[in-house]
Amino acid sequence: MPSDIQVTNIKANDGTAGLVIADSTGAVTVSGDLVPSTPLSHRNMIINGAMNVAQRGASSIVQTYGTLDRWENYRTGFAGEVTFSQDPDAPAGFNNSMKMTNASDEASLSAGDLGRFTQKIEAQDCQQLAYGTDYAKISTLSFWVRSTVIGTGCVYILIEDDSDKQWSGSYPISNSDTWEYKTLTIPANTASTINDDNGIGLSINWVLMAGATYTGGSSLSSSWEASTNNKLAYGQTNLLGGASGREVQITGVQLELGSSATPFEHRSYGEELARCQRYFVDVINKDQQYDFGGWGGNKGTTVIRFMVPLNVPLRATPSVVSAGTLYSWTADGEEQFSSPTVVGSQAIGGPALLMEKTGVTVTTSGSSGQVAGETAGAYLWLDAEL
C-alpha cells in the first residue's frame, strides 16, 4: 500500500462500522455504513448557504451587497434590471432561497455582458485546503438550483488576492421550474498559495448570463490556470438575461473538503447571524423607528460620541453606511444628527466600536444616554465585507 494512503477503522456511536481511506490529495473513500443521516459538523466553508439571514432587507436591485448576507451581486454591460430577493420557495429541508428575476427584455447579450452572484471566503478560513503545498486538498461544491430555462449553468472560482488563478465547472439544468441538486468536484491546487490573513481567499461565482467574451475559451474543469476572461463561463448558456420574467434560484450551498458531498450542514439562525456579523452589522434597522443603536453622550458641546456593541469581532475597520435622522437621547434632552463616523482606527476585536458625530451643537457637555433612529427609514450599518 502506498505510504501516503491512510486507512482508519471507525465505529460510530450508533454501532455502524467501516473503513475511511484518505490519500494526500484529500480524496476520501468510505466503506461500510459510516455516512451518517445527519450533517457532519463544521464542514461547510460557505456562510449563509441556506439563505436565511438578510440584514439589509429581503429584496434589492442594487449591485454589490444588497440583500442576503455574504452574497454579492454583480453585472456589467447588461442594461436590464435584475431583482435579488430572499424567497420562501425552496426544496424540502430549506426555508429560503436566493431568487434572481430579470425584469427586462433584451433580444440578445452583447459580448461583454456578465451577470453573476458571489460569495468571497476569508483567506484565513481557506487554510484547510492547503493550497500551494503538496498536500493540497480536493473539495466539493454542492447546491440546489431552480431555473425557468433549461440549459447549462457555470461556477468559476478565483484565488483573488494572492494569485491570479481560476477554475470553472458547468452543470446541467435538465428541467424548468424544478429544484435540482448539483455537485462539482474542485481539483487540488498545489501551485497557488492562499495567504493566512483577513483578505479574500476564494471568490465563488455563479454565472447567470455571459456574453462571448466570457464563454469563448476552453474548459477549466480539471485544473487551475491563470485567470482568463474567455474561460470564466465556458459551457454556460444564458439562464437569466435576454427575456423578462426569467428566474434562477439557489439554496443549500456547501463547500467542503473531499471528493464527495455530504448532507447540508444546517446551522442555527443565531450561529449563522453571528458569522454574518463579522462582515456586516445592522446597527439601527431601517424598518424599526427608534431602534436602539448604542450608548454614549455629549463630548464637550460639539461632539456626540457613542459605543456600538459588537456581537463578534469585525473583519476590518468598517465603512459606515447611514441615512435619515438619528438622535442621542440623554437626560438633558434630545440631540439630532446624521452620518456618524468611526473614531480613528478603532480596535475592531473588542465588545464595542466607538463612533462619533462632530460639528453639532449639543445642550450639555458630559450628558449621557442612548443613540437610536429618529425617523422612519433611518438606519446605521457597519460594512466590513470582503
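Filtering segment 174-222 to residues that are over 18 Å from Lys99 (Cα atoms), surrounded by fewer than 19 Cβ atoms within 10 Å (Cβ to Cβ) and out of contact with any helix residue (DSSP H, G or I) (no Cβ under 7 Å at 6 or more places or on another chain) leaves Ser174, Thr183, Thr185, Thr190, Ala191, Ser192, Thr193, Ala212, Ser219, Ser221, Ser222.
Would it be correct to say that Ser223 is over 30 Å from Asp177 (Cβ atoms) and touching a residue at least 40 places away in the same chain (Cβ under 8 Å)? Criteria met by Ser223. Counting only strands (runs of 3 or more DSSP E) that sit completely within segment 313-386, zero hold 3 or more residues that are at positive phi and exposed (fewer than 14 other Cβ atoms within 10 Å of the Cβ). Residues of segment 62-85 include at least one that is in contact with a Phe, Trp or Tyr (Cβ under 6 Å, 6 or more places away or on another chain) and either β-branched (Val, Ile, Thr) or outside the structural domain of Pro263 (by TED's automatic domain parsing) (or both). Check whether at least one residue in segment 162-173 is touching a helix residue (DSSP H, G or I) at 6+ places or on another chain (Cβ under 7 Å), among the small types (Gly, Ala, Ser) and closer than 27 Å to Gly80 by Cβ, and report yes or no. So far as segment 162-173 goes, yes, one or more of its residues are touching a helix residue (DSSP H, G or I) at 6+ places or on another chain (Cβ under 7 Å), among the small types (Gly, Ala, Ser) and closer than 27 Å to Gly80 by Cβ. The condition (being surrounded by 17 or more Cβ atoms within 10 Å (Cβ to Cβ), out of contact with any Gly (no Cβ under 7 Å at 6 or more places or on another chain), among the small types (Gly, Ala, Ser) and within 29 Å of Ser97 (Cβ to Cβ)) is satisfied by just one residue among Ser244, Ser163, Ser170, Ser142: Ser142. One residue alone among Val308, Val253 is in a strand (DSSP E or B), over 30 Å from Lys182 (Cβ atoms) and at pLDDT 95 or above, and that residue is Val308.
Pairing each residue of segment 162-189 that is more than 15 Å from Leu141 (Cβ to Cβ) with any residue that is of a type in the set (Phe, Trp, Tyr) and surrounded by 18 or more Cβ atoms within 10 Å (Cβ to Cβ), provided the two are 6+ apart or on different chains, yields C-beta distances under 8 Å for Lys165/Trp224; Trp179/Trp144. The combined condition, being crowded, with 19+ Cβ neighbours inside 10 Å, among the aliphatic types (A, V, I, L, M), modelled with pLDDT of 55 or more and not assigned by TED's automatic domain parsing to the domain that holds Gly112, is not fulfilled by Ile21.
Please state which one of Ala103, Ala111, Ala130, Ala136 is among the small types (Gly, Ala, Ser) and touching a strand residue (DSSP E or B) at 6+ places or on another chain (Cβ under 7 Å). None of the other options fit; the residue is Ala103.
The values are calculated or read from the model by the stated rules, or taken from the named source; none is laboratory data. Just so it is clear, the model here is predicted, and its values are computed rather than measured. Counting neighbours? That spans all protein chains shown, and the Cβs are built from the backbone with ideal geometry, glycine included.
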